[in-house]
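Okay, so here's the structure we're looking at.
The values are calculated or read from the model by the stated rules, or taken from the named source; none is laboratory data. Everything numeric in this text was worked out from a predicted model, so none of it was measured. Using ideal geometry, Cβ is built from the backbone for each residue, glycine included, and neighbour counts are taken over all protein chains shown.
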Amino acid sequence: MDISERLNVPSTGEEIEPFLEVTPQLVQQRRSQGRIIFDRFIRNRAAIVGAIFLILLFLFCFVGPLVTTHNQPDQIHVTDVAQTLAGPSWQFPFGTDDTGRDMMARAMAGGQVSLLIALISMFMAVIVGVSIGAFAGFYGGIIDTLLMRFTDVILSVPLYLLLFVLSASFTDGSPKSVILLISFFGWQYAARLVRGEFLSLREREYVLAARTIGAKGFRIMFRHILPNAAGPIIVNATLLIGVNIILESVMSYFGFGIKPPNSSWGTLVSDGQGFFDVDPLLLMVPALLIFFTVLSVNLVGDGLRDALDPYMTER
Amino acid sequence: MAETLVGSKTLLDIRDLKMYFPLTRGIVLQRVIGYVRAVDGISFTIEQGQTLGLVGESGSGKTTIGRTIVRLYKPTEGQIIFDNQDLAQMGGEHLREIRRRVQMVFQDPFASLNPRFTIGSLIAEPMHIYNIGSSSEIREKTSELLSVVGLRPEYINRYPHEFSGGQRQRIAVARALSINPEFIVLDEPVSALDVSVRAQVLNLLQRLQNQFNLTYLFVSHDLSVVRHVADRIAVMYLGRIVELADRDELYAAPKHPYTQALLSSIPIPDPQIEKRRHRIILSGDLPSSINIPSGCRFHTRCPMAQQICREVDPIFERKEGREHYAACHFSEEVRPV
């Protein structure tokens, strides 16, 4: 306080200083914002169950093939026809399929494809959606009208119809083409959401304050407004993963998405459905994996929604 | 400091400033159906090192004036001459350069500090934007600014939500000071604060004014606060200045019935006097700034209104006394409170 004393400052705020160190409630306030959000998240039991399941699932799909022997999804392990369509055994925990391939290895490999497609298309859709929404909401006027009517047009077309029509001509059955297609249908809700956030946040005083200190459009949009809109965007992105997994599975199930030699959970369901009366496991394994993944993603999304409460109340 | 002692230099000269906000109807084809005349032809000057207090009730346009001067809004008409340059029509890089010298402190310190920034980065941001010095120099200046406004430099990595209202407002002041402005618009800087910390912030502002030779436009609705800080006071009513005078003269000899009514509303902390004194209580509300009354704007609520007031808009002209201006047909009849 040297400078201030020389300037004859009344030692403002200093009298409350000691309490900061001794009052537990105030010490608690020293938690960083990230910590507050994390604490709030782990108190939500459903979200934690979802998060743990997702972590296990990622380990299963991406680390599983490396540490177990179930790493040859295309290898025909049993040639004896009597041994195909086998039930669970120590050698093949999920059994074998009609041609004698290891179902566990196939579930892992399919999961890699499904999860990667869902994640990457989520990221692409969020980047596109945030950019479009940010420009529309921040600049308003004619830019807003053009961008948002374009968004509405895409939203107004029946999704699956367009997806199937487009996939016939624009995808070649590789994960890359499916990612592009799915992300093209994912950004609209993010764009709307971000536009709404920007519309309301750009009138906040701290944004006006940023203008008065000479900040330009991009700085205001991406440094001042976007971090404050992060909560809804993160929640939306999480839920989008679930939507993307479903979309990919539906496309692959109908034969428009992933095609051999690649496989995903969707193609596994499609392959397995013909043997439902003989070996229901072939259908149930990928279907349950899809079901629990989407469920967990949604639980985590809801948990994040609560944890990222913008009012930052201490709980 | 010497400069101001020798002669007064006009730093800010507002000439016939108008700020109209269009009212539109329609979703696709927007038609303008009228204007909110928030600021409707205002002129005043502020001399370097002085404080002009701008008072008026809610909706009188005082905040709009402040925001127009820092060019958050583009004025509809008129000139904002700051140091011989007209800000009103300026844009782009030029405006950015000028903005460095004109800063603003907002009313609500709970809304004007971005909750995602640490206070260090809040204060440092203007310096980063204008590329003043290296990162280490900026860091040093930031902690220096914190101590100038009476906060510990160790707080640099804390977030705004960890501070009280008064502390936050001091952070906002430090931020405005960081690029060495000459002129600061203070938009009700203490009205969101507890009475107990108001004096702290006001004294800080006055100390900084002396220290850095700052010029203030102090917007407020609180006459007792303005009396404490302002050299000259402008009273606004419905988008116009109705009276402008030196502080003591305005309090001693108001020339406009609105000022008189405002002064009579200041509570006196003595129940004996309070009981005996005559209060002028204005009836009704501030008229809408979309449909402004004809003649004198104040005639709908004025206790002294005559026929002429309904018909003729009084000129804002010089009255008796030192640099005393008012817009009233009957300013001689206004009695001090």
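Results, tabulated for the structure shown:
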read-out: Residue tally, condition more than 11 Å from chain A (Cβ to nearest Cβ) and either hydroxyl-bearing (Ser, Thr, Tyr) or in contact (Cβ under 8 Å) with a residue 40 or more places away in the chain (or both), over the range B:125-139; value: 4
read-out: Number of the exception - A:Arg192 against (1) closer than 23 Å to A:Ile132 by Cβ; (2) within 13 Å of another protein chain (Cβ to nearest Cβ); value: (2)
read-out: Contacts under 9 angstrom Cβ, first residue in the range B:164-175 being at the interface with chain A (Cβ under 8 Å from one of its Cβ atoms) and under 13 Å from B:Leu204 (Cβ atoms), partner surrounded by fewer than 23 Cβ atoms within 10 Å (Cβ to Cβ) and among the acidic types (Asp, Glu), 6 or more apart; value: B:Gly166/B:Asp194
read-out: Contacts under 6 angstrom Cβ, first residue in the range B:99-121 being at the interface with another protein chain (Cβ under 7 Å from one of its Cβ atoms) and farther than 20 Å from B:Glu154 by Cβ, partner among the polar types (S, T, N, Q) and part of a loop (DSSP other than H, G, I, E, B), 6 or more apart; value: B:Phe106/B:Ser112
read-out: Residue in the range A:239-277 that is nearest to the chain's Cα centre (by Cα), counting only those that are among the acidic types (Asp, Glu) and surrounded by fewer than 24 Cβ atoms within 10 Å (Cβ to Cβ); value: A:Asp271
read-out: Some residue of the range B:296-319 being surrounded by fewer than 12 Cβ atoms within 10 Å (Cβ to Cβ), charged (D, E, K, R) and touching a helix residue (DSSP H, G or I) at 6+ places or on another chain (Cβ under 7 Å); value: no
read-out: Filtered residue count, the range A:272-302, keeping only those that are out of contact with any helix residue (DSSP H, G or I) (no Cβ under 7 Å at 6 or more places or on another chain), over 30 Å from A:Ile42 (Cβ atoms) and modelled with pLDDT of 80 or more; value: 1
read-out: Residue match in the range B:274-284 (condition: in a strand (DSSP E or B) and under 30 Å from B:Ala199 (Cα atoms)); value: no
read-out: Search result, residues across the range B:180-210 that are in a loop (DSSP other than H, G, I, E, B), within 11 Å of chain A (Cβ to nearest Cβ) and either without any contact (Cβ under 8 Å) to a residue 12 or more places away in the chain or not aliphatic (A, V, I, L, M) (or both); value: B:Pro181
read-out: Positions within the range B:143-170 being surrounded by fewer than 23 Cβ atoms within 10 Å (Cβ to Cβ) and among the β-branched types (Val, Ile, Thr), in sequence order; value: B:Val148, B:Ile156
read-out: Scan of the range B:80-89 for residues that are surrounded by 16 or more Cβ atoms within 10 Å (Cβ to Cβ) and either within 13 Å of another protein chain (Cβ to nearest Cβ) or free of Cβ contacts under 8 Å to residues at least 12 places away in the same chain (or both), ordered by number; value: B:Leu87
read-out: Single condition B:Arg15 does not satisfy, out of (1) surrounded by fewer than 18 Cβ atoms within 10 Å (Cβ to Cβ); (2) within 14 Å of chain A (Cβ to nearest Cβ); (3) of a type in the set (Lys, Arg); value: (2)
read-out: Subset of the range B:29-79 (residues that are of a type in the set (A, V, I, L, M, F, W, C) and touching a residue at least 60 places away in the same chain (Cβ under 8 Å)); value: B:Val36, B:Ala38, B:Val39, B:Ile42, B:Phe44, B:Ile46, B:Leu52, B:Leu54, B:Val55, B:Ile65, B:Ile69, B:Val70
read-out: Helices (runs of 4 or more DSSP H) (entirely within the range A:205-302) containing at least 1 residues that are of a type in the set (Val, Ile, Thr), within 14 Å of chain B (Cβ to nearest Cβ) and over 27 Å from A:Pro158 (Cα atoms); value: A:205-212
read-out: Verdict on B:Glu243 being in contact with a strand residue (DSSP E or B) (Cβ under 9 Å, 6 or more places away or on another chain) and either surrounded by fewer than 24 Cβ atoms within 10 Å (Cβ to Cβ) or within 13 Å of chain A (Cβ to nearest Cβ) (or both); value: no
read-out: Spans of helices (runs of 4 or more DSSP H) in the range B:109-177 with at least 2 residues out of contact with any helix residue (DSSP H, G or I) (no Cβ under 7 Å at 6 or more places or on another chain) and of a type in the set (A, V, I, L, M, F, W, C); value: B:165-177
read-out: Flag for A:Gly186 being at positive phi and either modelled with pLDDT under 90 or crowded, with 21+ Cβ neighbours inside 10 Å (or both); value: no
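Listed here are the residues, each with its yes/no results for (1) at pLDDT 85 or above; (2) within 14 Å of another protein chain (Cβ to nearest Cβ).
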{"residue": "A:Leu26", "(1), (2)": "no, yes"}
{"residue": "A:Gly34", "(1), (2)": "no, yes"}
{"residue": "A:Ile37", "(1), (2)": "no, yes"}
{"residue": "A:Arg40", "(1), (2)": "no, no"}
{"residue": "A:Ile52", "(1), (2)": "yes, no"}
{"residue": "A:Thr69", "(1), (2)": "no, no"}
{"residue": "A:Met104", "(1), (2)": "no, no"}
{"residue": "A:Phe123", "(1), (2)": "yes, no"}
